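The values are calculated or read from the model by the stated rules, or taken from the named source; none is laboratory data. Please read these numbers as outputs of a predicted model, since none were measured by experiment. With ideal geometry, Cβ positions are generated from the backbone for all residues, glycine too; neighbour counts draw on all protein chains shown. Only protein heavy atoms, including side chains, enter the accessible area calculation; ligands, DNA and RNA are left aside. Shrake-Rupley method; radii C 1.70, N 1.55, O 1.52, S 1.80 Å.
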Amino acid sequence: MTNAKVSENLAKKFAKEKRSAYLEWVEKEGLDVISAHYIPNLHHVDVKPWPRRGGYGVYINHEASRQSNDCYVCEIPAGGKLQPQRQLFEEMIYVLDGKGSTTVWNDEGHKVTFEWQAGSLFAIPLNAWHQHFNGSGREPARYLGVTNAPVVLDLYDDADFVFNTMHDFKKRFQGEPDYFSPGGRQDGLLLETNFVPNAITIPLINAKERGAGGGHIRFNLAKGTMNSHISEFPVATYKKGHRHGPGAHVIILSGEGYSLMWPEGSDLRKYDWQEGSMIVPPNLWYHQHFNTGTAPARYLALKYEGTAIRNEQGVPKAWISQRIGGDQIDYADEDPKVRELFREALAKVGLEPRMEESYSAELADLPPKPVK
């Protein structure tokens, strides 16, 4: 499958439809926009002054995901704070560097303050006032935010309404004193919580369906509709290839390795990563993650729920074998180049694949190939 590129003549006929209220708003924010599906290191990506927020920032919007959700990096100066803000869109935040605190309050005046550090994960309750503070007088603090602002701004086409509407969503937040306490309610793979103190060390649950052993946990943050999860896999192993909709921002929390991404029918494309790298698979591109380091590799995915195309039972198709209509490639059906590239990558660091157990375990539940 190619990218279906057409003539400039045809493209011009649809040029107006490519514009959106959201994109016009981003331009007015005055920040650079990185249109990329691979960021080597989020800790060092360039940011510029962001007058409205009172810090520094950059938007990271891959062209295939900016219709559903977006991503930005924000830096708070040493000893500084951002301006208070409220918004009618959801936001999930992962802290990249530093330490600090956030105060959240509603129109009734109920206020909660909690502290965070590098590795913390949390979400802003819908339309709640919030303000971020850098807890260090010497070092800047930096975080990554993923929001569903594109959908909301395109729907209303009125930034004043989106950022200045008085309404408390009491089912989401009522100023509970323990709202941002660690913990929450675990149901299967899903943890309902509002604050994860350290995403790098939180215990995970075994999830053999994604291959290569390791663990997995999914989050419902601040009773939102967006989607987030953490996966980890052992040394010299790799996850099964799969695909889904646009807007999944995959942040590497620990380990070293690479990812392969490719549109159906095209060549494999390789992206090396380390802690702080980010992969953003384009819409319906297959992708697969490989651990070539000496420790387990862990990543965090923040995304729009529409990314998780599900079957009638509510299971994401990215977890279901292609042999029965899903979007996950079984090890038995993967391109031979996948194993060849992995073996070569490990050899460069003096390791050998540890995949035989995973290959064998798959066979017990492997559906038969469909009859053509």
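Within the range 156-209, which residues are of a type in the set (Lys, Arg), in contact with a Lys or Arg (Cβ under 8 Å, 6 or more places away or on another chain) and open to solvent by 90 Å² or more (accessible area, probe 1.4 Å)?
171
Let me confirm something: among 68, 35, which residue is assigned by the TED database to the domain that holds residue 134, out of contact with any Leu (no Cβ under 8 Å at 6 or more places or on another chain) and surrounded by 18 or more Cβ atoms within 10 Å (Cβ to Cβ)?
Result of the check over 68, 35: 68.
Among the residues that make up the range 312-334, is at least one of them assigned to a helix (DSSP H, G or I), among the small types (Gly, Ala, Ser) and either open to solvent by less than 50 Å² (accessible area, probe 1.4 Å) or at pLDDT 95 or above (or both)?
Checking the range 312-334: at least one residue is assigned to a helix (DSSP H, G or I), among the small types (Gly, Ala, Ser) and either open to solvent by less than 50 Å² (accessible area, probe 1.4 Å) or at pLDDT 95 or above (or both).
This table checks each residue for (1) of a type in the set (A, V, I, L, M); (2) within 28 Å of residue 79 (Cα to Cα).
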residue	(1), (2)
118	yes, yes
158	no, no
180	no, yes
189	yes, no
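For the range 215-255, give me each residue that is aromatic (Phe, Trp, Tyr) and closer than 22 Å to residue 334 by Cα.
Selection gives 233, 238.
What number goes with the only condition from (1) assigned to a loop (DSSP other than H, G, I, E, B); (2) within 20 Å of the chain's Cα centre (by Cα); (3) not hydrophobic (A, V, I, L, M, F, W, C) that residue 57 does not pass?
It is condition (1) that residue 57 fails.
Taking residue 270 as the residue in question, decide whether it is under 22 Å from residue 208 (Cβ atoms) and in contact with a helix residue (DSSP H, G or I) (Cβ under 8 Å, 6 or more places away or on another chain).
no
Please enumerate the residues belonging to the range 299-311 that are open to solvent by less than 40 Å² (accessible area, probe 1.4 Å) and among the hydrophobic types (A, V, I, L, M, F, W, C).
300, 301, 302, 308
In the range 361-372, how many residues are assigned to a helix (DSSP H, G or I) and open to solvent by less than 70 Å² (accessible area, probe 1.4 Å)?
2
Could you run through the range 283-298 and say how many residues are open to solvent by 10 Å² or more (accessible area, probe 1.4 Å) and within 22 Å of residue 73 (Cβ to Cβ)?
1
Just name the residue that is nearest to residue 297 (Cα to Cα) out of those in the range 155-209 that are modelled with pLDDT under 95 and part of a helix (DSSP H, G or I).
In this case the residue turns out to be 208.
Consider residue 232 carefully, then state whether it is over 26 Å from residue 152 (Cα atoms) and in a loop (DSSP other than H, G, I, E, B).
no
Within the range 341-360, count every residue that is closer than 17 Å to residue 212 by Cα and open to solvent by 80 Å² or more (accessible area, probe 1.4 Å).
Qualifying residue count, the range 341-360: 5.
Quick check on the range 17-29. Is at least one of its residues surrounded by 15 or more Cβ atoms within 10 Å (Cβ to Cβ) and in a strand (DSSP E or B)?
No, there is no match, as no residue in the range 17-29 is surrounded by 15 or more Cβ atoms within 10 Å (Cβ to Cβ) and in a strand (DSSP E or B).
Name every residue in the range 210-249 that is within 16 Å of residue 303 (Cα to Cα), surrounded by fewer than 20 Cβ atoms within 10 Å (Cβ to Cβ) and aliphatic (A, V, I, L, M), in order of residue number.
Listed by number, the list is empty, since nothing qualifies.
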